[in-house]
Number of protein chains: 2
Amino acid sequence: MDRAEEPRRSKRVTITDVARHAGVSVAAVSKVLRNAYGVSPAMREKVQAAIAELGYRPHAAARGLRGRTYTIGVLLDNVRNAFFADILDGIRDELRNSEYTVLIGAAGFDPEEQAKTVRSLVDRQMDGLILIAPGTARDEVLATAASTPTVVIGHHDTADTHDSVVDADDIGAGLVVDHLVGLGHRDIALVSAQGTKANRWKRPPETVLTEGYLAAMERHGLAGHTRVHHAAYSDEGGFKAGMTLLTAERPPTAIMTGADVAALGIYRAAHELGLRIPDDLSLVGYNNTALAALAPVQLTSVDQAGHTMGATAARMLIERVEGRRDRAMRTTMTPRLVVRRSTAEQRGR
Amino acid sequence: MDRAEEPRRSKRVTITDVARHAGVSVAAVSKVLRNAYGVSPAMREKVQAAIAELGYRPHAAARGLRGRTYTIGVLLDNVRNAFFADILDGIRDELRNSEYTVLIGAAGFDPEEQAKTVRSLVDRQMDGLILIAPGTARDEVLATAASTPTVVIGHHDTADTHDSVVDADDIGAGLVVDHLVGLGHRDIALVSAQGTKANRWKRPPETVLTEGYLAAMERHGLAGHTRVHHAAYSDEGGFKAGMTLLTAERPPTAIMTGADVAALGIYRAAHELGLRIPDDLSLVGYNNTALAALAPVQLTSVDQAGHTMGATAARMLIERVEGRRDRAMRTTMTPRLVVRRSTAEQRGR
DNA sequence: GCCCTCGTGTAGAACGTTCTCTACTTCGAT
DNA sequence: ATCGAAGTAGAGAACGTTCTACACGAGGGC
C-alpha cells in the first residue's frame with residue numbers, strides 16, 4: 001500500500017545551475033563564491049549576475065563535506081539564564097556582519113545530555129564551538145577541541161587545545177565582601193553552586209568564586225565568620241538555601257550568591273520568614289541579569305559584561321577557524337559591582 | 001610565507017572504516033544504520049559490533065546530502081522571553097528520546113534578520129522547522145514551508161502548507177476581563193504589541209488578543225471604556241506605556257498586557273508615580289512566565305501552557321518529516337488564568 | 001624565435017552518506 | 001529437475017560542494 005506520490009518539494013538551485021546559466025565552469029563559480037585567487041573581474045561579474053538572477057544560495061551541508069559550513073555552534077545548559085542571553089547577544093553582534101551563522105544547542109543540565117549535544121554539533125560540521133560553562137567531562141571537551149576549534153566560557157582551567165573566556169570571579173566575590181563589610185556586616189554567607197565532581201574540571205566559576213570569598217573574608221579578619229552553602233542556581237535552590245541559613249542558630253546578616261536567580265529564591269525565603277530586605281537582610285546576586293534590575297527587585301549584583309564576553313569569544317573563535325592564530329589564549333574580564341536597594345547598613349542586632 | 005603545517009586535526013571514523021572493519025560493504029552498514037529492510041540478524045550484529053568498537057557516529061552533514069540530517073531547526077526572536085523557554089523545553093522533552101537534535105536560531109526582532117536565519121536553517125538541511133511567532137514576511141514562510149516541513153507557533157493565520165500551534169488568545173483576554181470586572185473594575189486598558197504591518201500576517205497573537213479584549217468588554221457593556229495602547233513587549237516598552245496611561249486624564253484602574261515583561265515595566269512606572277499595586281492599580285500579565293511567579297512580583301497572569309505547545313509542535317513536525325501525514329493541521333490550546341497578588345477589588349475613587 | 005612565468009579557466013576527484021539496481025542464495029512448489 | 005519468489009548482500013551513482021592539478025594563452029626577457 002503505497003502512499004500517494006510525494007508532494008513535489010521544489011528543487012534547489014545548485015552551483016551547477018549557476019555555472020550553466022553563466023556559461024562557465026562549476027569550479028569558476030566556486031572560486032567566486034569563496035573569493036579565491038584566480039578570477040578575472042569579468043568572470044566575477046558574470047557569475048555574480050547569474051547568482052543574483054537565480055537566487056542561488058550555497059548549500060551549507062554540502063559545503064561542509066569538503067570545506068567550511070560557516071556555522072558556529074553554541075552549547076548552553078539553560079536558556080532561562082539571562083546571563084547566557086547576554087553572552088549570546090554578544091556572539092550574535094560580533095558575527096552579525098560576517099558570513100557565519102550561530103546555532104544554539106540547548107542541552108539542559110545533565111552532563112550526558114550536554115555531551116550528546118556537543119557531539120551533535122560536531123557531527124553537523126560546525127566550524128567552531130563555543131561552550132558556555134559546560135558540564136561535560138573535561139576530557140571529552142579536550143577531545144573535541146582537538147578536532148574543532150573551541151572556546152570555553154566560564155571554567156578557569158587552562159588548556160592548550162582550546163581558548164577560554166572567563167570572568168575574574170574571585171575579584172567579583174571580593175567586591176561584594178568589601179561592599180558588605182563596608183556596610184558593617186560581618187556574618188556574610190555565600191550561596192554557590194555545588195562544585196561539580198566527576199567531570200574533572202578543576203576550576204569552574206563557583207570554585208573560583210568561593211576562593212575569592214574566603215580570601216576576602218580572611219583579608220577583613222573574618223575568617224571565622226565564613227559560611228558557604230551549596231545550592232542549585234534556581235529559584236527553588238535559593239529558597240531552600242535561604243530557609244536553611246536564615247533559620248540557623250546564628251543567621252547571617254548578609255547573603256551573597258553566585259547567581260541572581262538564586263538570590264531571588266532567598267528573597268522569597270526571607271519574605272516567608274517575615275524578614276525585610278534590606279532592613280533585616282542584605283542580599284547580593286551575581287551576573288547583573290535583567291532580573292536584578294527589575295523594578296520590584298532592585299538587587300545589588302556583580303556585572304560580568306556578558307555581552308563583551310560573548311563578543312570576545314566569537315572573535316577568538318573566528319581567528320582560530322580561519323587559521324589566523326594557532327596558540328591557545330585566554331581572556332579574563334573584570335567584574336564590576338552594581339549597588340541597588342537590596343543591601344544596606346547592618347543594624348545592631 | 002606559508003604558516004607551519006596545520007596541527008593535524010584528527011580524522012573522523014567513517015562508514016567506510018566501519019564496513020572494512022566488519023568485513024562487509026558500505027551499503028550494508030548504511031542499511032543497518034537506517035534499519036532498512038534486507039539485513040540479516042547476523043549482519044546487523046556484526047555491523048553493530050564494529051560501530052561500537054570504532055566509536056563511529058554518522059556524519060550528519062554528509063547524510064543531509066542525500067537523506068535526512070535528523071535535525072530540527074527552531075526560530076526564535078528573543079532568548080530572553082521566558083515563555084519561549086517553556087516552548088523550547090516542550091520541544092526538547094518531546095524529542096529527547098528520538099534521534100533528532102534541536103538547533104536554535106536566535107534571530108532578534110528584525111524581520112530581515114529573521115528571514116536570514118530561516119534561510120540559514122534551510123541551507124543547513126534541517127529536516128523540519130518550528131517558527132515561533134515569526135516576524136518574517138508571510139510569503140517567505142509559505143515558500144520555505146513548501147520545501148521543508150514547518151510548524152508555525154503563535155500566528156492564527158490558516159495555511160495549507162504548514163501546521164500551526166496557537167493559543168486561544170481571545171479567550172485568554174476574556175478571562176482577564178471577566179476577572180477584573182468581577183473585582184469591580186470598569187476602566188480596563190490593554191497594552192499589546194503593535195500589530196505588525198508589512199509582513200502580511202493577518203492574525204498575529206496580539207491582534208487576536210485585542211479582539212478578545214474588545215469583545216469581552218462589550219459583553220460586559222463596557223464598550224465605551226476600552227483603551228488599547230501599543231507598546232513593545234519589553235520592560236522599557238511597558239514603562240512608557242504605563243507612564244502614558246497612568247498620567248492620562250482619566251487613568252485606568254486596571255491594566256492588562258500581552259506579556260509579563262511589559263507588565264513589569266508598567267509596575268515600574270506605577271512605582272515611580274507613587275501608585276501601589278494592587279491597591280491603586282490592578283495589573284495583569286500574559287504567558288505566566290517565571291517572572292510572574294517571582295517572589296517580589298506575584299503577577300496575575302494568563303498561562304499558555306508553553307511546554308505543551310512546544311511538545312505538540314514537535315510531535316506534529318515529526319509526523320510531517322516522516323511522511324506520516326500530508327495534510328496541514330492546527331492545534332489550539334486553551335489558556336488559564338492564574339490569579340496572584342497584583343489584582344484586587346477596585347476601591348471607589 | 002624560444003623558454004618562463006603569470007594569470008585565468010576547467011576537469012575531475014574527493015568528501016561521507018543514501019539508495020536504486022542487480023546478483024547471488026536458498027527454498028518451496030511444480 | 002526446474003522455475004519463481006523471497007531474502008540478503010554489494011556495486012556504484014548521486015547529492016552539492018571544494019580544491020588540486022593541469023591546460024592554455026599572453027607577455028617578457030634573452
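The values are calculated or read from the model by the stated rules, or taken from the named source; none is laboratory data. Keep in mind that what you see is a predicted model, and the values were worked out from it rather than measured. Neighbour counts are summed over all protein chains in view; Cβ atoms, including those assigned to glycine, are modelled from backbone coordinates with ideal geometry. These accessible areas exclude ligands, DNA and RNA; they are computed on the full protein's heavy atoms, side chains included. Shrake-Rupley method; radii C 1.70, N 1.55, O 1.52, S 1.80 Å.
Which is of a type in the set (Gly, Ala, Ser) and in a loop (DSSP other than H, G, I, E, B), of B:Gly135, B:Gly174, B:Gly224?
Details: B:Gly174 fails: in a loop (DSSP other than H, G, I, E, B); B:Gly224 fails: in a loop (DSSP other than H, G, I, E, B).
The unique qualifying residue is B:Gly135.
Let me confirm something: among A:Val102, A:Val74, which residue is assigned to a strand (DSSP E or B), within 11 Å of another protein chain (Cβ to nearest Cβ) and under 28 Å from A:Val29 (Cβ atoms)? Even if it seems obvious, please write down each step before you answer.
Numbers: A:Val74 fails: under 28 Å from A:Val29 (Cβ atoms).
Exactly one residue qualifies, and that residue is A:Val102.
Assess whether A:Val165 counts as being out of contact with any strand residue (DSSP E or B) (no Cβ under 7 Å at 6 or more places or on another chain), at pLDDT 95 or above and crowded, with 21+ Cβ neighbours inside 10 Å. So A:Val165 fails the test. When segment A:237-283 is filtered for residues that are among the aliphatic types (A, V, I, L, M) and out of contact with any Leu (no Cβ under 7 Å at 6 or more places or on another chain), the ones remaining, listed by number, are A:Ala241, A:Met243, A:Leu245, A:Ala248, A:Ala259, A:Ala262. Of all the residues in segment B:196-206, those that are surrounded by 20 or more Cβ atoms within 10 Å (Cβ to Cβ) and either in a helix (DSSP H, G or I) or free of Cβ contacts under 8 Å to residues at least 12 places away in the same chain (or both) number 2. Residues that are open to solvent by 10 Å² or more (accessible area, probe 1.4 Å), under 19 Å from A:Ala85 (Cα atoms) and either in contact (Cβ under 8 Å) with a residue 60 or more places away in the chain or not β-branched (Val, Ile, Thr) (or both) within segment A:109-127 comprise just one, A:Phe109. Counted as qualifying within segment A:245-336 are the helices (runs of 4 or more DSSP H) with 1 or more residues that are over 25 Å from B:Ala82 (Cβ atoms), namely A:306-321.
Scanning segment B:39-71 for residues that are within 14 Å of chain A (Cβ to nearest Cβ) and among the basic types (Lys, Arg) gives B:Arg57, B:Arg63, B:Arg66, B:Arg68. Can you confirm whether B:Gln114 is more than 15 Å from DNA strand C (Cβ to nearest atom), of a type in the set (S, T, N, Q) and part of a helix (DSSP H, G or I)? Judged against the criteria, B:Gln114 is a match.
For A:Ala314, are the conditions met, namely being within 14 Å of chain B (Cβ to nearest Cβ), in contact (Cβ under 8 Å) with a residue 60 or more places away in the chain and either buried (at least 23 other Cβ atoms within 10 Å of the Cβ) or out of contact with any helix residue (DSSP H, G or I) (no Cβ under 7 Å at 6 or more places or on another chain) (or both)? Talk me through it step by step, then tell me what you get.
Numbers: within 14 Å of chain B (Cβ to nearest Cβ): yes; in contact (Cβ under 8 Å) with a residue 60 or more places away in the chain: yes; either buried (at least 23 other Cβ atoms within 10 Å of the Cβ) or out of contact with any helix residue (DSSP H, G or I) (no Cβ under 7 Å at 6 or more places or on another chain) (or both): yes.
Here the answer is yes, as A:Ala314 does meet what is asked.
When each of B:Ala143, B:Ala133 is tested for being open to solvent by 20 Å² or more (accessible area, probe 1.4 Å) and away from chain A (no Cβ under 12 Å), the lone residue that passes is B:Ala133.
So that you can scan it fast, the table gives a plain yes or no per residue for (1) among the charged types (D, E, K, R); (2) modelled with pLDDT under 95:
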| position | (1), (2) |
| --- | --- |
| A:Arg268 | yes, yes |
| A:Ala295 | no, yes |
| A:Gln298 | no, yes |
| A:Ser301 | no, no |
| A:Thr312 | no, no |
| A:Glu322 | yes, yes |
| A:Arg325 | yes, yes |
| A:Arg330 | yes, no |
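Just name the residue that is nearest to the other protein chains (Cβ to nearest Cβ) out of those in segment B:321-345 that are closer than 24 Å to B:Ala173 by Cα and among the small types (Gly, Ala, Ser). Of everything passing the filter in segment B:321-345, B:Ser342 is nearest to the other protein chains (Cβ to nearest Cβ). For segment A:217-256, a residue qualifies if it is in contact with a Ser or Thr (Cβ under 7 Å, 6 or more places away or on another chain) and open to solvent by less than 40 Å² (accessible area, probe 1.4 Å), and the qualifying residues are A:Met217, A:Gly238, A:Thr253, A:Ala254. Of all the residues in segment A:279-291, those that are surrounded by fewer than 20 Cβ atoms within 10 Å (Cβ to Cβ) and more than 15 Å from A:Leu245 (Cα to Cα) number 2. Tallying residues that are open to solvent by less than 40 Å² (accessible area, probe 1.4 Å), away from DNA strand C (no atom under 12 Å from the Cβ) and among the aliphatic types (A, V, I, L, M) within segment A:53-69 yields 1. As a summary of the residue check, B:Val79 satisfies the conditions (1) more than 10 Å from chain A (Cβ to nearest Cβ); (2) assigned to a loop (DSSP other than H, G, I, E, B); (3) among the aliphatic types (A, V, I, L, M) except for the one numbered (1). Residues in segment A:8-36 that are over 37 Å from the mean Cα position of the chain (by Cα), within 7 Å of DNA strand C (Cβ to nearest atom) and open to solvent by 50 Å² or more (accessible area, probe 1.4 Å): 3 in all. Among the residues of segment B:39-52, the ones that are in contact (Cβ under 8 Å) with a residue 12 or more places away in the chain, within 15 Å of DNA strand C (Cβ to nearest atom) and open to solvent by 60 Å² or more (accessible area, probe 1.4 Å) come to 2 in all.
One line per residue, one yes/no per condition, for (1) away from DNA strand D (no atom under 16 Å from the Cβ); (2) β-branched (Val, Ile, Thr); (3) within 30 Å of A:Ala106 (Cβ to Cβ):
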position	(1), (2), (3)
B:Ala22	no, no, no
B:Gly64	no, no, yes
B:Ile72	yes, yes, yes
B:Asn81	yes, no, yes
B:Asp93	yes, no, yes
B:Arg96	yes, no, yes
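The set of residues in segment B:177-195 that are open to solvent by 30 Å² or more (accessible area, probe 1.4 Å) and in a helix (DSSP H, G or I) comprises B:Asp178, B:His179, B:Val181, B:Gly182.
The condition of being over 28 Å from B:Ala62 (Cα atoms) and at pLDDT 95 or above holds for only one of B:Val118, B:Val181, that being B:Val181. Here B:Leu294 fulfils each of the conditions (1) surrounded by fewer than 22 Cβ atoms within 10 Å (Cβ to Cβ); (2) within 9 Å of another protein chain (Cβ to nearest Cβ) apart from (1). Go through the residues of segment A:83-90 one by one and say whether even a single one is facing chain B (nearest Cβ under 10 Å), within 16 Å of DNA strand C (Cβ to nearest atom) and within 23 Å of A:Ala311 (Cβ to Cβ). Within segment A:83-90, not a single residue is facing chain B (nearest Cβ under 10 Å), within 16 Å of DNA strand C (Cβ to nearest atom) and within 23 Å of A:Ala311 (Cβ to Cβ). Pairs, please: C-beta under 9 Å, at least 6 apart or cross-chain, first residue within 14 Å of chain A (Cβ to nearest Cβ) and in segment B:15-38, second open to solvent by less than 60 Å² (accessible area, probe 1.4 Å) and more than 8 Å from DNA strand C (Cβ to nearest atom)? As it stands, the answer is B:Leu33/B:Val47; B:Leu33/B:Ile51, since those pairs meet every condition given.
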